[in-house]
Amino acid sequence: MDDAVAIPVPERDDENFWSTITTLVEPAWSEPTDDDTFAMDDKVLDASRALAERISTRALAYRTADKPFDSALMAAPDVQLALLRALYETKRSVDRLAESAATVAGRNGASYTQLGTAWGGIKRQSARLKWPHAVVKRSAGESIPLRYAGGSAVIHHDPNVDAWWYTATAADQQDEESEAVHTTSAEAIARATEFLLTHAQPGRQVST
């Protein structure tokens, strides 16, 4: 992306780090190449096959007999049905992760038009129907709920100091309450998102 050179890249200890990263960059991405999508297919298949082997009745029989599950056994129709079931769970995972990404983007200033464009070019109205709570216009005094990486947070505004703060409970049941030091709701959302991602359940990885 030619415009990348114009995008500021502060490090974490920079005083402008949070205000910079919560400022929406346009364009937000470059179109993936065929190589990118094929590589993603491979990773999705690897994850789905791993789940298929865990839920497959035939694979269980091999484990019970203390025998290795040869990759050739993937050709069995029942194993392919287990793979199909695993791929369905993959789709559900994608839907959950997409809702999280849309919510974080929307709460940080992205519009439904931008969310729809990112989701394969669907219309603004379709994006609103798909993620009805992603983009919410609120007054400065209202709290903002957020769910991400299996946890949840609420972003609050303190009118006495005109600053934002958050309370959060992560997927691993860790709690955090920040000080009212964030100058914008977007900064508080970014910090809450970071906490929720850091304390996701073991073995879970969530991308934004």
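The values are calculated or read from the model by the stated rules, or taken from the named source; none is laboratory data. None of these values were measured; they are calculated from a predicted model. Neighbour counts run over all protein chains shown; Cβ positions are idealised from the backbone, glycine included. Remember, those area values only see protein heavy atoms, side chains included, never the ligands or the DNA or RNA. Shrake-Rupley method; radii C 1.70, N 1.55, O 1.52, S 1.80 Å.
A search for C-beta distances below 9 Å between a residue of region 59-85 that is free of Cβ contacts under 8 Å to residues at least 40 places away in the same chain and any residue that is surrounded by fewer than 13 Cβ atoms within 10 Å (Cβ to Cβ) and outside any helix (DSSP H, G or I), counting only pairs 6+ apart in sequence or on different chains, returns Ala61/Lys67; Tyr62/Pro68; Tyr62/Asp70.
Quick check: anything in region 59-66 in contact with an Asp or Glu (Cβ under 7 Å, 6 or more places away or on another chain) and hydroxyl-bearing (Ser, Thr, Tyr)? The answer is no; no qualifying residue exists. Look at (1) assigned to a loop (DSSP other than H, G, I, E, B); (2) loosely packed, with under 11 Cβ neighbours inside 10 Å and you find that Val25 fails only one, number (2).
Would you check if Glu194 is out of contact with any helix residue (DSSP H, G or I) (no Cβ under 9 Å at 6 or more places or on another chain), part of a helix (DSSP H, G or I) and either free of Cβ contacts under 8 Å to residues at least 40 places away in the same chain or surrounded by fewer than 15 Cβ atoms within 10 Å (Cβ to Cβ) (or both)?
So Glu194 fits the description; yes.
For region 139-150, the criterion of a residue being open to solvent by 40 Å² or more (accessible area, probe 1.4 Å), of a type in the set (D, E, K, R) and in contact with a strand residue (DSSP E or B) (Cβ under 9 Å, 6 or more places away or on another chain) is satisfied by at least one position. Considering (1) open to solvent by 70 Å² or more (accessible area, probe 1.4 Å); (2) touching a strand residue (DSSP E or B) at 6+ places or on another chain (Cβ under 6 Å); (3) not acidic (Asp, Glu), the lone condition that Asn160 does not fulfil carries the number (2). The lone criterion from (1) open to solvent by less than 60 Å² (accessible area, probe 1.4 Å); (2) closer than 30 Å to Ser152 by Cβ; (3) at pLDDT 95 or above left unmet by Arg85 is number (1).
The single condition from (1) within 18 Å of the chain's Cα centre (by Cα); (2) under 23 Å from Leu24 (Cα atoms); (3) of a type outside the set (S, T, N, Q) that Ile122 fails is (1). Name the single residue, out of those in region 35-70 being open to solvent by less than 90 Å² (accessible area, probe 1.4 Å) and out of contact with any helix residue (DSSP H, G or I) (no Cβ under 9 Å at 6 or more places or on another chain), that is farthest from Glu89 (Cα to Cα). Checked region 35-70; the qualifying residue farthest from Glu89 (Cα to Cα) is Ala65.
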